[in-house]
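Notes follow the structure.
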Amino acid sequence: MKSLFVSLLAVASTASAHYTFPELVVGSTKTGPWTYVRKTTNYQSNGPTTDVTANAIRCYELSPGTGSKTYTVNAGDTVGFTAVASISHPGPLQFYLAKVPEGKTAETWDGSGNVWFKIYSQGATFSGGSITWGSSGKQQVSVPLPKSLPSGEYLMRVEHIALHSASAVGGAQFYISCAQLKVENGGNGSPSPLVAFPGAYKATDPGIQINLYYPVPTSYTAPGPAVWSG
């Protein structure tokens, strides 16, 4: 009975360490949970997705759009997400955008194809045999949109990859959400390189399959394309 109790306690502790990104934040304005962010499959469980070859790696949504609205911003605005309860696992934080094709809208488009480009990647710092992740403990994460970002509708994808169990293939945990944006007053940049989800990652990428504990890494390279700075 004691061992059963310990096992249940461990499961409860693990679940409580999971998180979601339910709310779009523009500047200092919080817009309400799942109002402009597509409701994710883990909106109740907070659990991660782990299969980089499945469509869930794109937006981890219940269904395309999931009834969310589209928020109007300007190129150069600072945009992000709340993290509930907080980012509690070690790993990198990344942001991607995908421009909605002509004739479609952010509210219904599924984000398929080679359309995603990375605008931010936050890894780790290494000192004295220890690793520090800049996103650890954060309850809100944001990034400035490139000022040269062309006007139009976009999906904005936040991704945190938890690496505490990533020594085996399939052990990395992906916490993902997609917000729906309409960008105005944009520039004439040409975002690149463009990748697809699924497709951009392999389960054996060194930034996805990695042992954080022994030997302790001395560097880290996040998966995916280079950051487009605009």
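Just a few scattered comments:
- Proxy reagent accessibility, fewest Cβ within 10 Å first, across Thr40, Thr50: Thr50, Thr40
- Note on the chain: GNM, Cα springs under 10 Å; of Pro150, Pro217, Pro22, the largest mean-square fluctuation is that of Pro217.
- Between helix 2-16 and the chain: long-axis angle, C-alpha atoms, 0 to 90°, nearest 10: 20
- DSSP beta bridges in the chain [antiparallel fraction, %, rounded to 5]: 90
- Where Cα atoms sit under 19 Å apart: lysine pairs in region 19-184 separated by 8 or more or lying on different chains: 16
- Taken about its Cα centre, region 19-184 carries a charge dipole of about 140 debye when Lys and Arg each add +1 at the Cβ and Asp and Glu each add -1 at the Cβ.
- Ranked packing of 114-120, 194-200, 28-34, most packed first, by mean Cβ within 10 Å: 114-120, 194-200, 28-34
- Dipole of region 19-184, positive direction: furthest Cα of Ser45, Pro90, Ile161, with charges on the beta-carbon: Pro90
- Here Glu107, Glu184, Glu159 are placed in order of increasing Cβ neighbour count within 10 Å, fewest first, which gives Glu184, Glu107, Glu159.
- Residue by residue, region 176-186 carries 3J(HN,Hα) couplings of 9, 8, 10, 9, 10, 10, 10, 9, 10, 6, x Hz when phi is fed to the Karplus relation 6.51 cos²θ - 1.76 cosθ + 1.60 (θ = phi - 60°); x denotes Gly or Pro.
- Integer Hz, Karplus 6.51/-1.76/1.60 couplings in order for region 84-98, x for Gly and Pro: 10, 7, 6, 6, 10, 10, x, x, x, 10, 9, 10, 10, 10, 9
- Two-decimal Rg/Rh across the chain, once Rg and the Kirkwood Rh are taken from alpha-carbon atoms: 0.98
- Here the peptides 86-99, 136-149 are ranked by packing, the mean other Cβ count within 10 Å, and the order with the highest first is 86-99, 136-149.
FYI, it's all coordinate maths here, none of it is from the lab. All figures in this text were calculated on a predicted structure; none of them were measured in a lab. Heads up, the Cβs are rebuilt from the backbone with ideal geometry, glycines too, and the neighbour counts pull from every protein chain shown.
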